[in-house]
Amino acid sequence: MTLIEDARIALDGYSAFFGTRCRGRIVRDEAELLLTAARTLVLDFAGVEAVTVAFADELAGNLVARYGPRIVLAGMNPDVAETVELALSRRTDLP
């Protein structure tokens, strides 16, 4: 199977605010499907105003732990970036 170069999920298509692990799991499931056909996946946070640590860990934490450099985080405002960085800093299973 030939992989496409990269896929993108525009998170603002779901919501501007993300607060639960359940929502993170829904987006992560979509991401993992896309990763079966793409070399990299861009999680585009442009337009997202806020996320919780639980959501960030469920989505970004799990994906980065499993796929490492194949995951690109983009378009984060300072508040979202700080929350995602906090979630990632708590992980012990990152590459």
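FYI, it's all coordinate maths here, none of it is from the lab. Everything numeric here is computed off the predicted structure, so don't read it as measured data. Ideal geometry is used to build each Cβ from the backbone, glycine not excepted, and the neighbour counts take in all protein chains shown.
Things worth noting here:
- Extension gain, Ala74-Arg91: 0.36 nm per intervening residue step, less the Cα-Cα distance, totals 4.1 nm.
- Which label in (i) 336; (ii) 83; (iii) 164 gives the computed volume of the Cα convex hull per residue in Å³: (ii)
- Full extension of the segment from Arg66 to Asp12, taken as 0.36 nm per residue of separation minus the current Cα-Cα distance, would add 17.1 nm.
- Computed from backbone phi, the HN-Hα couplings of the range 8-22 come to 9, 10, 8, 5, 5, x, 8, 5, 9, 10, 10, x, 10, 4, 4 Hz, rounded to whole numbers (Karplus: 6.51 cos²θ - 1.76 cosθ + 1.60, θ = phi - 60°; Gly and Pro given as x).
- The range 78-95 - phi-based ³J(HN,Hα) in whole Hz, Karplus 6.51/-1.76/1.60, Gly and Pro as x: x, 5, 5, 4, 5, 5, 5, 4, 4, 4, 5, 5, 8, 7, 9, 10, 7, x
- Share antiparallel - DSSP beta bridges, the chain, percent rounded to 5: 0 percent
- Think of the chain as a dipole: +1 on every Lys or Arg Cβ, -1 on every Asp or Glu Cβ, centred on the Cα centre; then among Ala38, Ala50, Phe17, Ala38 lies furthest on the positive end.
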